[in-house]
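Below: one structure, written as structure tokens.
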Amino acid sequence: MDDRQLDLTEAQKQTKLRLPSILKKYEYLDHTADVQIHSWGNTLEEAFEQCAMGMFGYMTDTETVEPTNTVEVVSEGDDLESLLFHFLDDWLYKFSAVDFFVPREVKVLNIDRSHFKIRSIGWGEEFSLLKHPQGTEVKAITYSAMQIYDSEKPEIFAIVDI
């Protein structure tokens, strides 16, 4: 929540002080009704990780999340764009419908570019309004204006519906 301010409770501030800061390689770009996440990394894997963390960073202050639990997500697609869509959607499902899991960090273990499969793991905990400030709900992932640049400096542009 770099550019958005939340009123943190004392407990949330203490969590932020105990754990190391999170490296953020994402930003939020202006968009009419939704949120556009621009992420980047040294590898495509890191750009995917940062895109997921950008999504979670819009929903809460991920600095208040403690890595007490581990969740694995395996996603599949037909091309890189659908792989990104399903990757983000599967992580959103873990937060919204299954475990209410919010990660402090997401790590992409492998992107299979020939079969369009991705395996990732997240460290975090169950979301709790008593511990985590509530940001804006992400309702869905979209294909709208999705861009993936798998080059020397990989970048992703993805819009999420709020």
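Note on Leu130 and Asp79: with the Förster distance fixed at 41 Å, the Cβ-Cβ geometry gives a FRET efficiency of about 0.50.
Between Asp150 and Glu66, how high is the FRET efficiency from 1/(1 + (r/R0)^6) when r is the Cβ-Cβ distance and R₀ = 22 Å? Nearest 0.05.
Details: r = 33 Å, r/R0 = 1.50.
Using R0 = 22 Å, I get an efficiency of 0.10.
Under a point-charge model restricted to the Cβ atoms of Lys and Arg (+1) and Asp and Glu (-1), what is the dipole moment magnitude of the chain relative to its Cα centre, in debye to the nearest 20? Intermediate results must be reported in sequence, preceding the final value.
Details: 15 positive and 30 negative charges, 93 e Å.
Computed charge dipole of the chain: roughly 440 debye.
Report relative contact order for the stretch 123-162 in percent, whole number only (criteria: Cα-Cα under 8 Å, sequence separation at least 6). After rounding, I find 39 percent. For the chain, the convex hull spanned by the alpha carbon atoms encloses 104 Å³ per residue.
For the stretch 6-151, what does the relative contact order come out to in percent, with C-alpha contacts under 8 Å and a separation of six or more? Spell out each step's value before the answer.
Values: 250 pairs, mean separation 39.4, N = 146.
Answer for the stretch 6-151 is 27 percent.
Extension gain for Leu23 to Lys139 (0.36 nm times residue separation, less C-alpha to C-alpha distance): 39.2 nm. A simple spin-label model places pseudo-atoms 7 Å from Cα toward Cβ; at Asp99 and Thr9 they are separated by 2.3 nm.
Note the count of lysine pairs whose C-alpha atoms are less than 18 angstrom apart in the stretch 30-141, limited to pairs 8 or more residues apart or on different chains.
4
Relative to the longest principal axis of the Cα atoms of the chain, the long axis of helix 44-59 makes an angle of roughly 40 degrees.
When you restrict to C-alpha pairs under 8 Å that are six or more residues apart and normalise by the size of the stretch 79-122, the relative contact order lands at 35 percent. Shown in residue order for the stretch 67-74 are the 3J(HN,Hα) couplings computed by the Karplus curve 6.51 cos²θ - 1.76 cosθ + 1.60 at θ = phi - 60°: x, 9, 9, 10, 10, 10, 10, 10 Hz (x for Gly and Pro).
For the stretch 99-162, give the magnitude of the charge dipole about the Cα centre (Cβ charges: +1 Lys/Arg, -1 Asp/Glu; no others), in debye to the nearest 20.
Details: 8 positive and 10 negative charges, 25 e Å.
Taking the Cα centre of the stretch 99-162 as origin, the dipole is about 120 debye.
Excluding ligands, DNA and RNA, the accessible surface per residue across the chain is 50 Å² with a 1.4 Å probe.
Please compute the net charge surrounding Ile121, taking Lys and Arg as +1 and Asp and Glu as -1 over other residues with Cβ under 15 Å from its Cβ. Please list the in-between numbers first.
Details: positive: Lys94, Arg104, Lys107, Lys117, Arg119; negative: Glu45, Glu46, Glu49, Glu72, Asp90, Asp99, Glu105, Glu125.
My count for the surroundings of Ile121 gives -3.
Once the GluC sites (Glu not before Pro) in DSSP loops with at most 16 neighbouring Cβ atoms within 10 Å are cut out of the chain, the longest remaining piece is 1-136. When Rg and the Kirkwood Rh are both derived from Cα coordinates, the Rg/Rh ratio for the stretch 102-141 amounts to 1.12.
Net charge near Phe95: determine it from the other residues with C-beta under 12 Å of the C-beta of Phe95, scoring Lys and Arg +1 and Asp and Glu -1. Could you put the intermediate results ahead of the total?
Numbers: positive: Lys94, Lys139; negative: Asp89, Asp90, Asp99, Glu125, Glu126, Glu137.
Residues near Phe95 contribute -4 overall.
Taking Cβ atoms as reference points and 12 Å as the exclusive limit, the residues near Glu76 contribute a net charge of -3, counting Lys and Arg as +1 and Asp and Glu as -1. Taking chymotrypsin sites (Phe, Trp or Tyr not before Pro) in DSSP loop states with no more than 13 other Cβ atoms inside 10 Å as exposed sites, the chain has its longest site-free stretch at 1-99.
The values are calculated or read from the model by the stated rules, or taken from the named source; none is laboratory data. All of these numbers come straight from a predicted model, not from anything done at the bench. Cβ: placed from backbone, ideal geometry, glycine included. Neighbour counts: every protein chain shown. Note: accessible area is taken over every heavy atom of the protein model, side chains too, but ligands, DNA and RNA are not part of it. Shrake-Rupley method; radii C 1.70, N 1.55, O 1.52, S 1.80 Å.
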